[in-house]
Structures are given as C-alpha cells and as structure tokens.
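Derivation of every value follows stated rules applied to the coordinates shown; laboratory data play no part. All of these numbers come straight from a predicted model, not from anything done at the bench. Cβ: placed from backbone, ideal geometry, glycine included. Neighbour counts: every protein chain shown.
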Amino acid sequence: MSENFKNELSGRELVEKYSAMIYRLAYARLQNISDAEDVTQEVLLKYIRSGKTFNDEEHRKAWILKVTVNTIKTMATLAFRRHDVALEEASDMSYSPQEPSGVKEAVRQLPEKYRTVIHLFYFEDLSVNEIAKITGKTAGTVKSQLSRAREKLKELLSEDEQYV
C-alpha cells in the first residue's frame, strides 16, 4: 500500500473526487439526467455504507466504476422503467433545446454496450484490461466492442458531414 494513500475519504472528498466520473458514466449509458443523478447518489451511498478497505487509489476507482456499472444495469432493467416516456416526448410544448452535435451526439447514438466501452476508454482513460474487469467481459470482447464502436462512430460522423 502506498504511504500517501488515504483509505478513508470524507463525504465531501468522495463527492469532489468521484461524483463527476460516476455521473458521466451513468449519463452516457442511460441518456437521462435524473437517472444519472440517481445512480450517482446510489453509488456514493453504497461506497459510504460498504466500509470497504482499498489497497490504493486505483483499487478504489475500479471498485466505484464496477459498482456504477452494476447500478446502471439494475436501473436499466427495472420493470417500471420499461414504460417510461421521456418528458420531452410527452410534452406538447414547442420549446426545443439546442441539439448537441458532433462526436458527443454520435456517441449518444451508439448502442449502450458501445457507449460504455467508449466512455470508459476515452473519457475515464481506462485500459482495455481495466474495462474488462469493470464490465465483466473479456479483454477480447472489449477490444471488439471498441473497434465496432469506432466504426459506427466513423459512419455516423461521415453521415453528418454529408448533410452539412
């Protein structure tokens, strides 16, 4: 264990250090602000309640990402969510927020399994092996998903350029 590693974090330190990472991953998977906020809160509570001891900062981050992925999976499969309708779809209001464009929008259009590996690889800067551990997939599967995701992104981005 590193001499500089602080195993215990205060609530404030925990939120400051990890809430943005958890939120980004949850939003990338669920595409819903409220759900991403719920996942963030749930993961932080699970961390506090776990009382788990970590070997180092990398171990703590990997645990938090694994719990985040599992919490997202649970939320995505809840029975009541299958009948959810986005507020934007249910509303007859004429307000339309500015549409996101470019790479972020293309990533949002990817199937969930591809959004996850792209997010963890490019936004959380994790290796293929780390992603495999967190998602419970083999390194080969992660590599394949990254490759397919990049191809799909390339197609989506080239389609967008045709209409500009």
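Could you order the peptides 106-113, 37-44 from most to least packed, using the average number of other C-beta atoms within 10 Å per residue? Don't skip to the answer; put the middle values down first.
On the way: 106-113: 15.9, 37-44: 19.6.
Listed from highest to lowest mean packing, they are 37-44, 106-113.
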Between the stretch 35-76 and the stretch 119-142, the alpha-carbon center distance in angstrom: 16
Debye intensity ratio I(q)/I(0), log10, the stretch 99-164, q values 0.11, 0.13, 0.18, 0.21 Å⁻¹ (C-alpha model): -0.26, -0.36, -0.63, -0.80
